[in-house]
Amino acid sequence: MSLAEIDDIERLKRINDALVNRVELAIDQQRNAFSLFQTAISLEGQVRRRTDELTSTLHSLEEANCELARQKEISERANQSKTRFLAAASHDILQPLNAAQLTISSLYDLQQTDAARSMVQQVERSLDTMNELLRTLLDISRLDAGVTKPNFTPVYLPHLIESLLSDLRPIAERKGLKLRISIASESVLTDRSMLRRALQNLISNAIRYTEKGGILIGTRRSGDGLSLEVIDTGCGIQEDQLETIFEEFHRGSHGKAAVADNECALGLGLSIVRRLVTALDHSMTVTSEPGRGSTFRIEVPVVPDAPPPAPCQFSRPAQPVLRDGSLSGKRVLVIENDPAVIEAMSLLMNNWEIDCRIVPNKERAIEAVASSEWLPELIIADHHLDDGDLGTETLAALRNHLPHDVPAILATADTSKAVQARVDELGHEYMSKPVKPAQLRALMSHLIQSRST
């Protein structure tokens with residue numbers, strides 16, 4: 001049926017409305033499709049921009065990683081350089097000081113009056129202070145550079161504390177102070193030498209700044225660990241100084257009043273303690289009441305079910321200084337390459353009337369003992385010698401050229417654990433430079449006399 005044949009107006013309206021609706025629906029669908037098309041184009045653009053941004057960011061990140069790797073390599077080379085410098089500094093800086101102390105000892109023997117000897121002793125005390133300062137500064141540098149690494153082992157606390165007090169108790173007794181201990185029979189996981197040094201500094205500080213009463217070294221359980229405590233009855237610390245006391249060269253308001261004239265107080269002891277405790281990953285706290293005393297605590301982890309401790313072995317007590325002619329005529333081979341130390345050693349050995357020969361390296365040392373006409377009764381060797389020779393290996397090589405074992409002392413500024421371990425392995429004695437002449441003479445006499453008996 002055509003539209004012309006339809007005479008129903010209402011019906012025509014309905015058909016017209018239906019057609020209009022279809023047209024509008026078609027237009028809406030086209031409009032929606034176009035809108036979706038535009039949206040798709042917009043999203044594609046955003047994706048492209050985000051991809052470009054991400055690519056640029058990844059490229060920047062790669063460049064940053066390359067720069068970080070380069071800076072890390074530079075830092076590692078710098079640390080290696082610093083490590084080498086510290087090793088050289090330990091030797092080269094302390095060598096002149098060693099020569100000075102040996103010379104001062106010879107100068108003291110030449111003085112005829114008490115006034116002159118007093119002046120020489122004053123110079124010697126100044127050299128001791130300089131030695132302590134240099135060694136402490138080198139220790140701080142090693143800790144800051146990460147050169148000193150802890151070697152964690154179970155450490156039996158009673159043995160550690162007893163070895164400390166054998167050195168420190170005489171100092172406390174001279175001041176009329178009591179040193180008491182209350183230590184649990186426990187083993188802790190730490191580096192023995194580093195913890196010992198930290199406790200030694202804390203106890204020495206306590207003795208230095210305590211005029212009456214005493215010092216207690218004790219332990220207290222703290223969770224799964226143990227709190228090592230050093231408690232004194234000294235002058236105490238003001239609350240506003242509880243942090244600054246760990247800064248370099250800080251001695252506090254009572255520092256000058258509490259320290260005797262002949263003591264060496266540089267204000268570096270607590271700075272070393274904090275660095276040692278940090279390197280060990282232990283924690284430390286301090287509480288104090290001015291006028292009543294202070295308490296320093298170091299938290300250390302306990303080793304559960306630790307094996308029984310080895311028998312306690314303390315270092316040999318210092319031999320008395322011998323003033324007789326016990327070294328007169330003794331044959332001593334000195335292996336040393338520093339001209340100033342050679343001159344000082346020659347003068348010192350001459351004053352002690354020793355038959356001494358001084359050589360700079362391993363080859364000359366072997367030549368010196370090649371003839372049976374002159375065999376040393378004692379050998380004193382530096383560690384870093386001419387031609388890259390090492391004192392430890394020179395001592396080991398000399399065993400093949402001597403008819404019998406000869407006692408030896410390695411006197412060196414190299415304080416590394418590896419060197420000390422090698423000396424122990426060889427069965428010889430280790431002395432750190434600068435060497436104190438009185439201690440050197442006592443050890444020489446002891447070694448020679450022990451061999452002859």
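Based on the Stokes-Einstein relation at 4 °C and a viscosity of 1.567 mPa s, and on the Kirkwood radius from alpha carbon pairs, the stretch 147-186 is assigned a translational diffusion coefficient of 107 µm²/s. With Cα atoms defining each centre, the stretch 345-390 and the stretch 208-246 are spaced 48 Å apart in the structure.
Within the stretch 331-452, all pairs of alpha-carbon atoms sorted by distance into 10 Å bins from zero give the percentages 13, 51, 34, 2.
Neighbours of Thr394, meaning other residues whose beta-carbon lies under 13 angstrom from its beta-carbon, give a summed charge of -4 when Lys and Arg score +1 and Asp and Glu score -1.
Bear in mind these aren't lab numbers, they're just calculated from the coordinates by the rules spelled out. Since the model is a prediction, treat every value here as computed from it, not as a measurement. Cβ atoms come from the backbone with ideal geometry, glycine included; neighbour counts cover every protein chain shown.
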